[in-house]
Amino acid sequence: MNEPTPIKVALVDDQLLVRSGFRMLINSQEDMEVIAEAGNGREALATHLLPTADVVLMDVRMPEMDGIETTERLLGAGQKPESAPKVIVLTTFDMDEYALSAIQAGASGFLLKDAPPEELLESIRTVNRGDAVIAPSTTRRLLDHMAPMLKRNVQPNSQLQARVDSLTRREREVFELIASGRSNPEIAQDLFLSEATVKTHVGHILAKLDARDRVQAVVIAYQTGVVSP
C-alpha cells in the first residue's frame, strides 16, 4: 500500500529565525514537508517551486512586497483555482483589516504567529483539504464587518450573480449556511442530511461559483448580498 504524498509547504517570511522554526516544526511531521522558502514577496514570486506547493505560509509584513500583494499576484498568475496553492496568511496583529485584505486577495486562512504549534500544523492540514482557517478571535468580528467593507470595495458583478443564480434550491440553502460560518457537521444537522451529502453539495457549490475554497465562497455570498451581518 502506497503512503500518502506529504503536503508540500512553502514559507514566505522575512525573519530567518521564524522560517527556521516553522521548517523544523513542519519537517518533524510525517505528512508534510517544506519544499521552498523566501524572505520577501518578490523573492517568493521568483521562486519556481512556490506555485507547486500545496500550502504557502505567508507573512503579512515584509519589505519590498507585503504578503497581501504577494498572495494576490501568486493566485492571480493564471492558475486554475484547483491547482493554485492554498495560502495561510500569518501576522502578529489580530486586526480585521488584515484578515479581510488577505481573504480578498484569495487567502484560505489567517492565523496569528503566536498560535500554538499544533494549531498551525492542523491549519495546514485543514486548508490542504479545502476548508478555511481564520483565527478564532477574528472570525465573529470579521463576519460582522465584512459585508459593508466588501460592498464599498466591489462593483456589482453580473457574472458572479449568474453563478449564484445557477445553484439549485438545496445548494442555495447549503451556500447560505456556509456563509454563516457553519461547518459541514452543523449543516448536516441543520438540514437533516448526512455529512457525505453535505460534502457533495459543497463540492458542487464551489465548482459552480468557481471558488477556490469556502473562504472565497463566503466572500462571494457577501458580495452578492446572499447574506448580511
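Rundown of residues vs (1) closer than 19 Å to ALA207 by Cα; (2) open to solvent by less than 60 Å² (accessible area, probe 1.4 Å); (3) aliphatic (A, V, I, L, M); (4) modelled with pLDDT of 75 or more, yes/no style:
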position	(1), (2), (3), (4)
ALA53	no, yes, yes, yes
THR70	no, yes, no, yes
ALA77	no, no, yes, no
GLU82	yes, no, no, no
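Pairs linking a residue in segment 100-111 that is part of a helix (DSSP H, G or I) to a residue that is polar (S, T, N, Q) and buried (at least 24 other Cβ atoms within 10 Å of the Cβ), with Cβ atoms under 8 Å and 6 or more positions apart or on different chains, are ALA102/THR71.
Being open to solvent by 40 Å² or more (accessible area, probe 1.4 Å), touching a residue at least 24 places away in the same chain (Cβ under 8 Å) and within 20 Å of the chain's Cα centre (by Cα) is true of SER180. Looking at LEU11, LEU49, can you tell me which residue is hydrophobic (A, V, I, L, M, F, W, C) and either over 15 Å from GLY109 (Cβ atoms) or modelled with pLDDT under 90 (or both)? Being hydrophobic (A, V, I, L, M, F, W, C) and either over 15 Å from GLY109 (Cβ atoms) or modelled with pLDDT under 90 (or both) holds for just one of LEU11, LEU49, which is LEU49.
The values are calculated or read from the model by the stated rules, or taken from the named source; none is laboratory data. The shown structure was predicted, so the numbers you read here are calculated from the model rather than taken from an experiment. When we count neighbours, we look across all protein chains shown, and the Cβ atoms used for this are built from the backbone with ideal geometry, even at glycine. When the accessible area is computed, the model is the full protein with side chains, heavy atoms only, and any ligands, DNA or RNA have been set aside. Shrake-Rupley method; radii C 1.70, N 1.55, O 1.52, S 1.80 Å.
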